[in-house]
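S.K.: The structure that follows is given in the form of structure tokens.
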Amino acid sequence: MRASDTEVLTPGSAAQAVEAFGDGRGITVFAGGTILMPEIAAGRYPRGGRTLMLDRAGLDQLDQLGGDGTVAIGAMVPLSKLAGSRIEPLAAAAREVGDLEIRAQATIGGNLCAPPAAESPRGDLQAALLAMGARVRSAGKAGERTESVEDFLARSEDETRLVLAIEVDKPRRASYLSLRRPHAHSYAAMTVACAQNDGNGGVRVAAGGVAPRAKRLHGVERALAEGASGEDAAARALDEVDPQDDALASAWYRRNVLPTLITRALEQLQGG
Amino acid sequence: MELNVNGVTHPISSSPLTSLLEVLRQELGIVSPKVGCRQGACGTCTVLVDGEPRRACLVAVATLQGAEVTTLEGLGTAPDGLAPVQEAFHAGYAAQCGYCTPGMLMAAHALIQRAGGPVYREQVIEALSGHICRCTGYVKIVDAVIAASRGQVDSAEFDQLLRPEPSEPEIEVKGSPA
Ligand SMILES: Cc1cc2nc3c(=O)[nH]c(=O)nc-3n(C[C@H](O)[C@H](O)[C@H](O)COP(=O)(O)OP(=O)(O)OC[C@H]3O[C@@H](n4cnc5c(N)ncnc54)[C@H](O)[C@@H]3O)c2cc1C
Ligand code: FES
Ligand code: FES
């Protein structure tokens, strides 16, 4: 298959994009292209069908909603913009992705929707979004809807949605840590993000690189709420995830490092 | 569609998702951007899109309608028209096999333009962190970019720049590593 084997649609507004996307059948959404272009080079895409280019559809706004620290991030906002945004722990996660040229092209929508790959985990922002309790606004079958990022990531593989925006509340405290290989271009082998909002809500904890998509660690959160120490709570993570081997790290290594990474992220949260 | 490269507008017949790298090299015969990994991971294909460094292998040509693309050919040509980064790379032996050089030069040029004056070592390392060089060990490349940002682009000034600090131990130089 060559790059010419797809019909390319270029909507000029968000409304047109939603209409062109329809129920999403046979459509590949093309955002920054940092994942899709290498797929073309490798001959894995396109496989016929239609490609919906978002570069002219708007969707690149970062809007403060009211005065309460809620921010709506358009799906096409580049990671470079998030890296400098002080919206933690998202900004910290964005700062570590690739290099400055990649961050300028890569979008948050593409990171959230990154298809799992066999060689490494993908979507390093997902854990941060889970810890923040982010909400995803998307269009597709049965129209538009807004749901938690947790529900969005857990939807069935064959339900494709067009992500329009992601809403987050700036947490009161946040921390982010990753386990990286010593090369600027490797994805993180594992990511851990923690966040606590104002009010008496508990601490949310999530990890990436431990499953095909990042996961919220409810058992760890419950243990913390019941007064367990960070270290004891972190140990519960292994009941909830079953990491895999890939090119970045073995499952064994991940299992051994994950509790430490969580413990340190929790320490950082208490300190910050 | 039409594509503006180095100030010249070209009609393009490649399909919309063709990479800018392929369009430049195959359709337009502009070959300074090199083909390395075609995965965005080596940096040698880097060109400027509206003044910002981008991996040509990661950019679909359809997204460039109305944009200005600059390649090394548009930066400067020998003997008289070289940009300061090019002069500094030449004076400072910052290229060996030269495969990474076009991408390094474009990224370095964009950094100096953005900074508008002298840049620090850390800034150079950050700006070039996506660029892989298998030959030089990076030191001479980073030195050359710093020198270019200060306008110190001839060989004599280079020797000055690379003299050790008084506190550094003297190293006996045994001929040129090249
Ligand atoms: C050299 C290099 C280094 C990298 N390093 C990292 C890293 O350290 N960490 C990391 O997480 N990633 C990394 N990446 C991967 C990638 O850059 C990011 O995941 C990026 O955020 C993807 O966004 P994009 O807009 O480029 O995605 P695209 O390639 O445009 O799309 C990716 C996927 O998401 C879908 N999609 C995109 N937007 C939407 C939308 N709005 N609605 C529905 N589906 C959508 C596409 O259909 C596709 O399946 C790296 C990539 C490269 C080339
Ligand atoms: S060829 Fe484009 S980054 Fe390697
Ligand atoms: S000079 Fe040979 S790769 Fe850099």
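The values are calculated or read from the model by the stated rules, or taken from the named source; none is laboratory data. Since the structure is predicted, the reported quantities are computational estimates derived from the model, not experimental observations. Neighbour counts run over all protein chains shown; Cβ positions are idealised from the backbone, glycine included. Surface accessibility is based on the protein's heavy atoms, side chains included, excluding ligands, DNA and RNA. Shrake-Rupley method; radii C 1.70, N 1.55, O 1.52, S 1.80 Å.
S.K.: Need the full-extension length gain, A:Glu19 to A:Asp232, defined as separation in residues times 0.36 nm minus the C-alpha distance. One decimal, nm.
M.R.: The A:Glu19-A:Asp232 span can extend by a further 71.7 nm.
S.K.: How long are the semi-axes of the equivalent ellipsoid of region B:84-161, defined as square roots of 5 times the Cα gyration tensor eigenvalues? Whole Å, largest first.
M.R.: Its equivalent ellipsoid spans semi-axes of 16, 15, 10 Å.
S.K.: Considering only protein heavy atoms and a probe of 1.4 Å, how much of the accessible area of chain B is carbon and sulfur, as a whole percent?
M.R.: Roughly 51 percent of what the probe reaches on chain B is carbon or sulfur.
S.K.: Something else now. Please compute the length gained on full extension between A:Ser120 and A:Asp68, using 0.36 nm multiplied by the number of residues separating them and subtracting their Cα-Cα distance.
M.R.: 15.0 nm
S.K.: Another question, if that's okay. How many nm is it between the label spots at B:Ala78 and A:Arg47, if each spot is 7 Å from the Cα in line with the beta carbon?
M.R.: With each label point 7 Å from Cα toward Cβ, the separation is 4.9 nm.
S.K.: What does a probe at B:Cys135 reach in region B:59-95, counting residues whose amide N is under 18 Å from the point 7 Å along Cα→Cβ?
M.R.: What the label zone holds, given the 18 Å backbone N cut-off, is B:72-73, B:78, B:85-95.
S.K.: Run through every distinct alpha carbon pair of region A:36-118 and return the Kirkwood hydrodynamic radius in angstroms, one decimal place.
M.R.: This gives a value of 14.3 Å.
S.K.: Less than 19 Å from a label point 7 Å out along the Cα-to-Cβ axis of B:Glu68: which backbone N atoms in region B:89-108 qualify, by residue?
M.R.: B:106-108
S.K.: Tell me the per residue accessible area of chain B using a 1.4 Å probe; a whole number in Å² is fine.
M.R.: The answer is 51 Å² per residue.
S.K.: Please arrange B:His90, B:His131, B:His10, A:His218 by accessible surface area, largest first, computed with a 1.4 Å probe and ligands excluded.
M.R.: B:His90, A:His218, B:His10, B:His131
S.K.: Using the alpha-carbon atoms, what tilt in degrees (0 to 90, nearest 10) does helix A:251-271 show relative to the longest principal axis of chain A?
M.R.: It is inclined by approximately 70 degrees.
S.K.: Considering every pair of different Cα atoms, what Kirkwood radius, in Å, is found for region A:137-226?
M.R.: 15.3
S.K.: Nearest 10 degrees, 0 to 90: what angle lies between the long axis of helix B:101-115 and the longest principal axis of chain B (Cα atoms)?
M.R.: 80
S.K.: Give, in nm to one decimal, the length gained when the segment between A:Asp151 and A:Ala247 is fully stretched (0.36 nm per residue of separation minus the Cα-Cα distance).
M.R.: 31.7 nm
S.K.: When the convex hull of the Cα atoms of chain B is projected onto a plane and the area is averaged over all directions, what value comes out in nm²?
M.R.: Here the figure is 11.0 nm², rounded to one decimal.
S.K.: Would you kindly calculate the mean projected area, averaged across all directions, of the convex hull enclosing the Cα atoms of the protein assembly as shown, in square nanometres?
M.R.: The number I arrive at for the protein assembly as shown is 24.9 nm².
S.K.: Give the accessible surface of chain A per residue, rounded to a whole number of Å², with probe radius 1.4 Å and ligands, DNA and RNA excluded.
M.R.: On a per-residue basis, chain A sits at 43 Å².
S.K.: Moving to a separate point now. For A:Asp158 paired with B:Arg121, estimate the spin-label separation in nm (one decimal), with each label point 7 Å from Cα along the Cα-to-Cβ line.
M.R.: Rounded to a tenth, the inter-label distance reads 5.8 nm.
S.K.: Follow-up question, since we're still on this one. Output the 0 to 90 degree angle, nearest 10, between the alpha-carbon long axis of helix B:139-149 and the longest principal axis computed from the alpha carbons of chain B.
M.R.: 80
S.K.: While we're on this one: At a Förster distance of 56 Å, what's the computed FRET efficiency of A:Arg255 paired with B:Arg150, Cβ-Cβ distance as r, to 0.05?
M.R.: My answer for the efficiency is 0.65.
S.K.: Largest first, what is the accessible-area ranking of A:Glu19, A:Glu267 with a 1.4 Å probe?
M.R.: A:Glu19, A:Glu267
S.K.: Going by a ≥ b ≥ c, the root eigenvalues of the Cα gyration tensor, does region B:2-75 fall in the rounded group (a/c under 1.5), the prolate group (a/b larger than b/c) or the oblate group?
M.R.: rounded
S.K.: Can you pull out the trypsin sites (Lys or Arg not before Pro) in region A:37-77 that DSSP calls coil and that have at most 16 other Cβ atoms within 10 Å?
M.R.: Here the sparse-neighbourhood loop sites are A:Arg44, A:Arg47, A:Arg56.
S.K.: With +1 on the Cβ of every Lys and Arg and -1 on the Cβ of every Asp and Glu, and nothing else charged, how large is the dipole of the protein assembly as shown about its Cα centre, in debye rounded to the nearest 20?
M.R.: 620
S.K.: When the helix-only estimate is applied to the protein assembly as shown (DSSP H runs of n ≥ 4, each -39,500 (n - 2.57), divided by the residue count), what is the mean residue ellipticity at 222 nm, nearest 500 deg cm²/dmol?
M.R.: Calculated mean residue ellipticity at 222 nm is -8000 deg cm²/dmol.
S.K.: In Å², nearest 100, what accessible area do chains A and B bury in total when the solvent probe is 1.4 Å?
M.R.: Approximately 2000 Å², summed over both chains.
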